[in-house]
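Following: one structure in structure tokens, then a few remarks.
The values are calculated or read from the model by the stated rules, or taken from the named source; none is laboratory data. These numbers were taken from a predicted model, which means no experiment stands behind them. All Cβ positions, glycine included, derive from the backbone under ideal geometry; neighbour counts span all protein chains shown.
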Amino acid sequence: MNRSAAWEPVCPVVRPGGGAVVTLAHGEGGLLSRRLIQERIVPALESINLDCTADAALLPVSDCRLAMTTDSFVVTPLFFPGGDIGSLAVYGTANDLAVAGARPRWLSLSLILEEGLELAVLDRVLASIATAARAAGVSILTGDTKVVPRGAVDQIFINTSGVGEILDPAPTGPATLQVGDVLLVSGPIAQHGIAVLEAREEFGFDPAPSSDCAPLWPCVAALYQAGIRPRAMRDATRGGVAAVLHEWGAASNRSLVIDESAVPVLPAIRAACELLGLDPLHIANEGTLVAALPAEQVEPALSLLSRLPAYARAAAIGRVESASDTSVAVRRALGRLQPLDEPLGAPLPRIC
């Protein structure tokens, strides 16, 4: 009987003289599994309430509504300027809660590790996860670890699920957008996708672009504390700002029109996009919020965010208009209004 070489019987135990790497035995539930969890994972994350002794975590909730989300992260390379797969997993899930109008509170963490992964790399990722969890104000309460044969994954894949407490009132969503509402971004766009592309392909951009990977809860909390209530918010990840706007146009049956000159883009990011033939509006972000607000709330929102260093370059970039033949349009730098294409595929795969 023919059998794929990937599934031939293998020795799951560390070979004498081998380096400090993950082996199949680390995922088999025995001694090495316990040591991996107790000696590496728990010490790295213990300050953020991880309990590996139970099969489920108990959430201390009373008289509140909850939101839940889940996401998986397969970025390559694992480390890039401004972040890594660990911080990306925490912030990506926490941000999905924040833009739904929920304060991020708890995360689960599941690691899928490739046989042969250097334990020093795992330690570095775990340290980043712990740091990001503290910055995002979340506790990692439960998790899981699996080890698969070489080639079955690319070093590390991470799944995180998040639970948050819904603010009152939560955003009503893109279906409720009204003509005259203003579209706002919390800062410069396209940084994450270009940073990962540079780290992967080593184009030699100088200065090297840095990801915007960061928690969005401080932005959302500041708006809510000031009484500002966006109708809709999104974390503009895969597909970038363009994907968010097309989803909102379809949900609201309105047309969304943005002004390219108003969209904040760092000079180095703009130059890289021009060199590579990419539109910044289609490039992924990992710490940039898109919001739709009633017109009377825009000036107070921008004034508030301008006083917060992380959001000092927040900007109003467009408006909601009556439905027309074009769901999303952009007024380009020369003044011409043209349709903004909806992303059909990722110009850069595996960015999160």
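Kindly evaluate Ala152 against the criterion of being more than 19 Å from the chain's Cα centre (by Cα) and in contact (Cβ under 8 Å) with a residue 60 or more places away in the chain. Criteria met by Ala152. When the test is whether a residue is assigned to a helix (DSSP H, G or I) and aliphatic (A, V, I, L, M), Leu97 passes it. Annotation note: of Val182, Val138, Val147, Val196, the sole residue that is within 23 Å of Val74 (Cβ to Cβ), touching a residue at least 12 places away in the same chain (Cβ under 8 Å), touching a Leu at 6+ places or on another chain (Cβ under 9 Å) and in the same structural domain as Asp279 (by TED's automatic domain parsing) is Val196.
Give me the residue from segment 269-287 that is within 18 Å of Ser210 (Cα to Cα) and small (Gly, Ala, Ser) and, out of that set, surrounded by the most Cβ atoms within 10 Å (Cβ to Cβ). Here the residue is Ala284.
Selection of strands (runs of 3 or more DSSP E) fully inside segment 308-352 by the criterion of at least 2 residues being closer than 24 Å to Ile194 by Cβ and in contact with a helix residue (DSSP H, G or I) (Cβ under 6 Å, 6 or more places away or on another chain) returns 315-321, 328-331. A single entry from Ser128, Ser87 fulfils the requirement of being surrounded by fewer than 22 Cβ atoms within 10 Å (Cβ to Cβ), under 15 Å from the mean Cα position of the chain (by Cα), part of a helix (DSSP H, G or I) and small (Gly, Ala, Ser): Ser128. Quick one: is Ala291 under 20 Å from the mean Cα position of the chain (by Cα) and part of a loop (DSSP other than H, G, I, E, B)? Considered against the rule, which asks whether it is under 20 Å from the mean Cα position of the chain (by Cα) and part of a loop (DSSP other than H, G, I, E, B), Ala291 comes out as no.
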